[in-house]
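The values are calculated or read from the model by the stated rules, or taken from the named source; none is laboratory data. Worth saying up front: this structure is predicted, and the values here are computed from it rather than measured. Here the Cβ positions follow ideal geometry from the backbone for every residue, glycine too, while neighbour counts run over all protein chains shown.
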Amino acid sequence: MSMTLFDDNANIQRLNELRKIILEYDYAYYVEHKSLVDDFTYDKLYRELQKLESEYPDLYDPNSPTNKVPSDKISSFRKIAHSERMLSLQNTYSIDEVRDFDRRCKELLGVNQLDYLVELKLDGVSLSCVYQSNRLKYAVTRGDGELGDDVTMNALQISNLPKNISPTGRLVDGNFEVRGEVIMTKKEFAELNQKMLEQGQKTFANPRNLASGTLKLLDPNEVGKRPLNFFAYYLLSSALGQSTLDENLKILQEIGFKIIPSHKVCKSIEEIEEFIIEWENKRDELPFYIDGLVIKVNSIRQQQELGTISRFPRWAIAYKYSAEQVETKLLDITYQVGRTGIVSPVAELEPVELAQTIVKRATLHNEDYIKTLDLRVGDYVIVEKGGEIIPKVVGVNFEKREANSVPFEFPKFCPCEHKTPLVKYEDEVAYYCLSMDCPWQIRKKIEHFASRNAMNIEGLGERTIDQFVELGFLNNIADIYDLTKYADQIEKLEGWGKKSLEKLLNGIEESKKQPFENVLFALGIRYVGEFVAKIISKEIGSIDKLITMTYDELMAINQIGDKIAKSIKEFLQNNENIEIINKLKHQGLQFESHHSTNSSNLNKFNNLTFLFTGELENYTRNQAEKIVEGLGGKVVSSVSKKLSFLVVGNNPGSKLKKAQDIGITIINENEFIKLIDNE
Ligand code: IVH
């Protein structure tokens, strides 16, 4: 279809509009330290403009934001010229485009193999630090790439930025330049922003804006009061000859610079993809924000050969994690109690559309997560949905925080009506309700006990359990087998009748036939999932023997590690648990196994490879991997065509999408359990 004049007019209008909007966004971001849009939207508009400009080359304008490095210059600072232009990076959200980048680099260089340095992309402000005779001479912002602002006095306040270097043989004359990123950690940001809010000062939406605002303060004493960190990523020195980026990072470390934590020399696109996937999952755990990874040709000679195009080097690209973000109000923080007593905080959000779904709730993980971000009820928070299915809260818009907001405190008591004091173990982040009578836990414990893979009690679903706990018919799992006592009452309940009651009582009776391994799993001992229950059933054979076993004897069993052994001991040393076990025994449940060891099972995964993504409910990652290995299979770390199964838990990472793209067999945790249990 040919373009009409009408299309042209509309496109040209859009092109001009985009140039104007992007220039406005750039000014707000670089000069006023404000983000008017999120990165994802900015990049989308930027790409739209790039595309339109390539369709209308006649409209070339050297002042278009696509041709100029956005300037961060402020008139009050002295200007200094960079020895080498400070460039920007071409961004991409697609692995395919990283593959294109790899292909292009190899083609242009005429090589079949290339080494890349892949590094975390810190979300901060770039700074060039020039050293003469081993002393920091001046520090300059990127400015427009050619000329930057002299912020030396402020940079002197950055405590981890080396001011004097001990002479080293590698940098003979002590004249060199170090480029890197100035950042503030999530925690430092939250604390400082709060202080500023209390003092009625201007607050900032994110650590990057606060770091850039701080670097441009006119009073260095004020800068000194704020925590800034410098992470080096580039060393320029004529003394180095033709080196590689990773060698230069080593030198930087030797002479006292902090380099960006985690980088890898990747020798193939597969290794790059692996690193991308690894960090997609791990990035939340970092104390600072990253917005992606930077992939750079490792050899400086090859970098020079590739050169630059417009404002971007041809030898580097930024892969950004494709997180769609929206801002919404945090209406409340509520709590869920799991069957092991873990109390998990949940964000109750003002409903908002995100990646085609309406989001009302998001996980908040634990107390540390909330405190690191300094989330408070009433805040406007940033909610993100990346490769994961479950949305997460990743930050606060402090500009919108109410002055009277109250810092978050994890509750001291269980949210159930018993209000039992919560307990936190030294080496864990979670809070526990240890009460055996907590109705919320009881519900979850009974739900687990009755579930399909445990006792498989037909007719005893979530709603019925809630109802019976409420009515006091069920106080623990053993009460299920006494429900006959309430038969008359149940029959008369709304929604119940003779038939449904019969079905329930039948289901309960039938469940008594479930084998020992199911009963063991159903008890809900922490870390004793279906697989471990099966091992115990085969290797130990009865609950009586299990009760008498010592920690060391348990540890001697293949597949049982420290956590499992401790948890079993703890559970079986508790009198209330023993009482329940005795009641269940009395009711006729199977507490002895009847099968013999089946060793052929141990090789059933021969030649099969597994990869896990997301959190599993029944196993830790380590346990699941041990299981696969115990059955003769192999666990690999990245998705490739050779992968036999991708096992997907809660919150899967980008491996899922990749596996879908290349047609790998994807299974969920239940299917995985079936696979390991199926003899
Ligand atoms: S290398 C040619 N490595 O990202 C530019 N930059 O979007 C070479 N950045 O201006 C830059 N982390 O301020 C590089 N590990 C990293 C980085 C990084 C953050 C920033 C840097 C740059 C911007 C480009």
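The requirement of being farther than 30 Å from SER64 by Cβ, in contact (Cβ under 8 Å) with a residue 24 or more places away in the chain and touching a helix residue (DSSP H, G or I) at 6+ places or on another chain (Cβ under 8 Å) is not satisfied by LEU218. Being part of a loop (DSSP other than H, G, I, E, B) and among the aliphatic types (A, V, I, L, M) holds for only one residue in ALA478, ALA487, ALA454, and it is ALA454. Looking at (1) away from the ligand (no atom under 12 Å from the Cβ); (2) within 20 Å of ASP26 (Cβ to Cβ); (3) crowded, with 17+ Cβ neighbours inside 10 Å, which one does ILE95 not meet, given that it meets all the others? In the conditions (1) away from the ligand (no atom under 12 Å from the Cβ); (2) within 20 Å of ASP26 (Cβ to Cβ); (3) crowded, with 17+ Cβ neighbours inside 10 Å, ILE95 misses (2) alone.
The rows are residues; the columns are (1) among the aliphatic types (A, V, I, L, M); (2) crowded, with 19+ Cβ neighbours inside 10 Å; (3) at pLDDT below 90.
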{"position": "ASN404", "(1), (2), (3)": "no, no, yes"}
{"position": "LEU434", "(1), (2), (3)": "yes, no, yes"}
{"position": "ASP437", "(1), (2), (3)": "no, no, yes"}
{"position": "SER451", "(1), (2), (3)": "no, no, no"}
{"position": "ASN456", "(1), (2), (3)": "no, no, no"}
{"position": "ASP488", "(1), (2), (3)": "no, no, no"}
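Conditions tested, residue by residue: (1) within 16 Å of the ligand (Cβ to nearest atom); (2) polar (S, T, N, Q); (3) in contact with a His (Cβ under 7 Å, 6 or more places away or on another chain).
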residue: PRO62; (1), (2), (3): no, no, no
residue: LYS68; (1), (2), (3): yes, no, no
residue: SER71; (1), (2), (3): yes, yes, no
residue: ARG85; (1), (2), (3): yes, no, no
residue: ASN91; (1), (2), (3): yes, yes, no
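Please give the number of the condition GLY180 fails out of (1) touching a helix residue (DSSP H, G or I) at 6+ places or on another chain (Cβ under 8 Å); (2) small (Gly, Ala, Ser); (3) buried (at least 19 other Cβ atoms within 10 Å of the Cβ). Looking at each condition in turn, GLY180 falls short on (1). Contact annotation: residue pairs with Cβ atoms under 7 Å, 6 or more positions apart or on different chains, pairing a residue in region 522-550 that is crowded, with 18+ Cβ neighbours inside 10 Å with a partner that is basic (Lys, Arg) and in a loop (DSSP other than H, G, I, E, B), are GLY524/ARG339. Do we find a residue being over 18 Å from ALA316 (Cβ atoms) and without any contact (Cβ under 8 Å) to a residue 60 or more places away in the chain anywhere in region 97-114? Scanning region 97-114 turns up at least one residue that is over 18 Å from ALA316 (Cβ atoms) and without any contact (Cβ under 8 Å) to a residue 60 or more places away in the chain.
Applying the criterion of being surrounded by fewer than 22 Cβ atoms within 10 Å (Cβ to Cβ) and aliphatic (A, V, I, L, M) to the residues of region 206-221, the residue that is farthest from the chain's Cα centre (by Cα) is LEU218. Here the condition is being surrounded by fewer than 18 Cβ atoms within 10 Å (Cβ to Cβ), outside any loop (DSSP other than H, G, I, E, B), on the phi < 0 side of the Ramachandran plot and hydrophobic (A, V, I, L, M, F, W, C); of LEU108, LEU49, LEU127, LEU117, it holds for LEU108 alone.
Out of GLU273, GLU278, one residue alone is surrounded by 19 or more Cβ atoms within 10 Å (Cβ to Cβ), more than 12 Å from the ligand (Cβ to nearest atom), of a type outside the set (Lys, Arg) and in a helix (DSSP H, G or I). It is GLU273.
Would you be able to say whether some residue in region 135-153 is of a type in the set (Phe, Trp, Tyr) and surrounded by fewer than 22 Cβ atoms within 10 Å (Cβ to Cβ)?
yes
So which of LEU236, LEU240, LEU249 ends up being out of contact with any Gly (no Cβ under 9 Å at 6 or more places or on another chain) and away from the ligand (no atom under 16 Å from the Cβ)?
Checking each option against the conditions leaves just LEU240.
Remark: pairs (first residue in region 344-365, closer than 18 Å to GLU615 by Cα; second residue charged (D, E, K, R) and in a strand (DSSP E or B); Cβ separation under 7 Å; 6+ apart in sequence or on different chains) = VAL346/ARG361; ALA362/LYS392; THR363/LYS392.
When the residues of region 281-321 are narrowed to those that are small (Gly, Ala, Ser), within 11 Å of the ligand (Cβ to nearest atom) and at pLDDT 95 or above, which ends up surrounded by the most Cβ atoms within 10 Å (Cβ to Cβ)?
Just the residues of region 281-321 that are small (Gly, Ala, Ser), to begin with: 292, 299, 307, 310, 316, 318.
Filter again for within 11 Å of the ligand (Cβ to nearest atom), leaving 292, 316, 318.
Now narrow it down to the ones that are at pLDDT 95 or above: 316, 318.
Working: ALA316: 23, ALA318: 20.
The residue in question is ALA316.
Mind counting the residues in region 342-356 that are closer than 22 Å to VAL429 by Cβ and either at pLDDT below 90 or of a type in the set (D, E, K, R) (or both)? If you could, list the steps in order and put the result at the bottom.
Going through region 342-356, the residues closer than 22 Å to VAL429 by Cβ turn out to be 342-348.
Restricting the remaining residues to those that are either at pLDDT below 90 or of a type in the set (D, E, K, R) (or both) gives 348.
Residues that pass the stated criteria total 1.
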